[in-house]
1. Mind checking the full-extension length gain between Glu59 and Thr220? Use 0.36 nm per residue of separation minus the Cα-Cα distance, one decimal, nm.
2. Relative contact order, percent, of segment 30-102 when contacts are C-alpha pairs under 8 Å separated by at least 6 residues?
3. Measure off 7 Å from each Cα along the Cα-to-Cβ vector at Arg282 and His233, then give the distance between these two points in nanometres to one decimal.
4. Reported to two decimal places, what Rg/Rh ratio describes segment 30-102 when computed on Cα atoms with Rh from the Kirkwood expression?
5. Can you sort Ser210, Ser112, Ser348, Ser318 from fewest to most other Cβ atoms within 10 Å of each residue's own Cβ?
6. Starting from the 7 Å offset along Cα-to-Cβ, what nm value, one decimal, do you get for the label separation of Glu71 and Asp123?
7. Could you work out the mean projected area of the convex hull around the alpha carbons of segment 211-389, in square nanometres to one decimal?
8. Pull out a ≥ b ≥ c, the square roots of the eigenvalues of the alpha-carbon gyration tensor of the chain, then state rounded if a/c is under 1.5, prolate if not and a/b is larger than b/c, and oblate in the remaining case.
Amino acid sequence: MPWHRGEKLPSIPRFTAGVASATVAVAKPSAELAASNAQLNCGDTTQLRWSSSDAPQVEISPVGTVARSGEQTVQPKQATTYNLTATGPGGTATSNVTVNVNRAIDADVSLSPGEVLYKRVGDKVLEDDTAALNWTAKNASNISIDGLGNVDPSGSRALTIAPKKNDPGAVDETVTYTLNATNDCGGVQTRTVALHIVGTIEPGALIMRSVYFPTDRPRTLKSEAGLLPSEQHELMTIAEELKKYLGFKSDARLILAGHADRRGPESYNMRLSERRAELVKRFLVDQGIPESNINIQALGKTNNLTTEQVKQLLDQSSDLATDIRDKVVKRLGNIVLAHNRRVDLTLSSTGQESARAYPFNADDFAQLVDRNGPTKAPPIQPAADKERSGN
């Protein structure tokens, strides 16, 4: 459309332009970090507390990204420095705190008492003092004691006293107990205590039974006759046990008491019982028993076992079969005589006597029990020859 006024205007710019500016103030971020406890023992925890402002991005190293403010439980295993970094348009703010961790372990182990007495005779323990092991371990999470396994941080344990030595002789041993303590922070501690065991182990009762002889055997001091195989085997067993005993008690003596049954003159039976004791002695010496450790006695027919005593021995014989027992009872007179043709053994140091257990099951039982001996004895002669009818 025609604009008449415009036709009268002079030439002017179509527009004008200018610059305007404004300043905006942006606050600098703030950051604050603290720990509820900066000194810890291994395994303890502490509370981190922090706050920040004007920071859209907040991190705690080595925890990670966190809220602008808050708290968190931590359990460091070693001395750790926690760094808080708050970042915003106004810049960066930092704060840090160091938490120290005590890794040292305070451990102790003790014995009460430190020395104990032990005494055993055979399989029977006569004396074994008691001892208590006491321990404590602070700042430790894993505690063990060699021989006992894992234990509580503190405690007490009664110890069973048993030396490693098992053979007769003096006991002088030291047993060590080692406590090992560790924690998850790398702490290690070892403590050791020693228990001294003193005392003795003595042999128990020897396995001994009396030694039995055929009628009127042996007839001379030099004769080997009369010691039948069953009795030789018994003496070999006794010799082995006695050697072990003498190794512990070298001054012990074995007393051999020879006996004879009631038949024959007293003087002849006395010499016969002496020959029996001498024969047993020679056999034991041949087996390695020192002659100086053996004494002999000749009792002849004194102290003979009575019929009632032999009956009691038969009743006590648990390994005597019923059929054999019936036969024995029928020949009780001969059995009483056989029981008195013997050598008894006594250990001087303890007074232990050999068991009067007749070898009914021996292969040579018939020779032992025969009242006439291995061969028929010659007829009894008067006067000088009379003594030869001994038994």
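Values quoted throughout were computed directly from the atomic coordinates according to the rules given, and no laboratory measurement underlies them. On a predicted model such as this, the values are computed, not experimentally measured, just so you know. Neighbour counts are summed over all protein chains in view; Cβ atoms, including those assigned to glycine, are modelled from backbone coordinates with ideal geometry.
1. Answer, rounded to one decimal: 46.6 nm.
2. Across segment 30-102, relative contact order equals 39 percent.
3. Inter-label distance under the simple model: 2.3 nm.
4. Checking Rg against Rh, the ratio lands at 1.01.
5. Fewest-to-most Cβ neighbours within 10 Å comes out as Ser318, Ser112, Ser348, Ser210.
6. Taking the simple label geometry, Glu71 and Asp123 are separated by 6.9 nm.
7. The Cα convex hull of segment 211-389, projected and averaged over all directions, gives 10.6 nm².
8. Judged from the Cα gyration tensor, the chain comes out prolate (a/c at least 1.5, a/b above b/c).
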